[in-house]
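Here's the structure, in structure tokens; my notes come after.
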Amino acid sequence: MPLTADDIQRNLDAVHRRMHEAARQSGRTIDDIRLIAVSKYMPARYVQWALSAGQHRFGENTVQEALSKQEQIKNPDIEWHFIGHLQSNKAKMIAGNIDWLHTLDSVKLATRLSTSALNSSHRLNVLLQVNIADDPDKFGLPAAALPQFIEDILRADLAGIQLRGLMTIGRREATPAQRQADFAALRELREDCMRRFELPRFNELSMGMSGDFEAAITEGSTMVRVGSALFGPRPTATAASSDI
Ligand SMILES: *Cc1c(COP(=O)(O)O)cnc(C)c1O
């Protein structure tokens, strides 16, 4: 069933209410938690409607779809987040067109993103994707590899990107307790990295999706990536080919 503008407004209100409640219960301020509306596989008009309802941050997970949505909705007020796995050979297509990349996992990709961002006079905010539960089906750096990875990135002195924090995707099969523990582990990892490398702006935690964003907020998430709770279920054929 296609959604209407009213449905999207209602869904946004409901997600905001859940976010507020989770923030309140954990004694956090809502201003520290941003909602990234994940519009992948959804028509551009859904983005327009969400935008009219006050939502300004959107997430896409393929280069092709991100560029096509941007072409259809030329609006400088939108903050675009790239949340999918990115091959380094596609870095130059996207680096100048997005504000945040959530999935950095290789030095080669970082180098190419930086060069391309600089070429378009842009500075890209990047999050490092961590495979916190060592899930063999997921992209991302193992937690143990993170310090060396950050050291390598800092040594490469990449002026086009700025390291802003960590991102993880929750395990598909996990008990609520496991999930909570994974989110807590990501927060601790970010705190270790901030201290160890003296990176004051390395303070973001991108974690939590439609099914688990309250738990992520409890553990300190600063960016929740919410798709189906806003825009309805995605077509299963395409969903199966995504990295979730
Ligand atoms: C699709 C996707 C989401 C949104 O998932 P929902 O369960 O629909 O909220 C969040 N993060 C990433 C990386 C995704 O690819």
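Quick look at the values:
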| quantity | calculated |
| --- | --- |
| Exposure proxy order (Cβ contacts within 10 Å, fewest to most) of Val63, Val38 | Val63, Val38 |
| Euclidean distance between Cα centres, segment 93-171 to segment 174-240, Å | 16 Å |
| Loop trypsin sites (Lys or Arg not before Pro), segment 124-219 (other Cβ atoms within 10 Å of the site Cβ: 16 or fewer; DSSP) | Arg172, Arg201 |
| Given Lys69/Lys92; Lys69/Lys108; Lys40/Lys69, the pairs whose alpha carbons are separated by over 19 Å | Lys69/Lys108 |
| Contact order normalised by residue count of the chain, Cα under 8 Å, 6+ apart, percent | 21 percent |
| Segment 77-122: trypsin sites (Lys or Arg not before Pro) in DSSP loop, at most 15 other beta carbons within 10 Å | none |
| Residues Thr175, Thr218, sorted so that the one with the fewest Cβ neighbours within 10 Å comes first | Thr175, Thr218 |
| Candidates Ser26, Ser116, Ser221, ranked by Gaussian network fluctuation over the chain, Cα under 10 Å, top entry | Ser26 |
| Exposed GluC sites (Glu not before Pro) absent: longest stretch of the chain, with sites in DSSP loops and at most 11 other Cβ within 10 Å deemed exposed | 1-172 |
| Shape category assigned to segment 5-234 from the gyration tensor of Cα positions, a/c cut at 1.5 | oblate |
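Each value in this text was obtained by applying a stated rule to the coordinates, not by laboratory testing. Because the structure is predicted, anything quoted here is derived from the model rather than measured. Note that we place each Cβ from the backbone using ideal geometry, even for glycine, and neighbour counts take in every protein chain shown.
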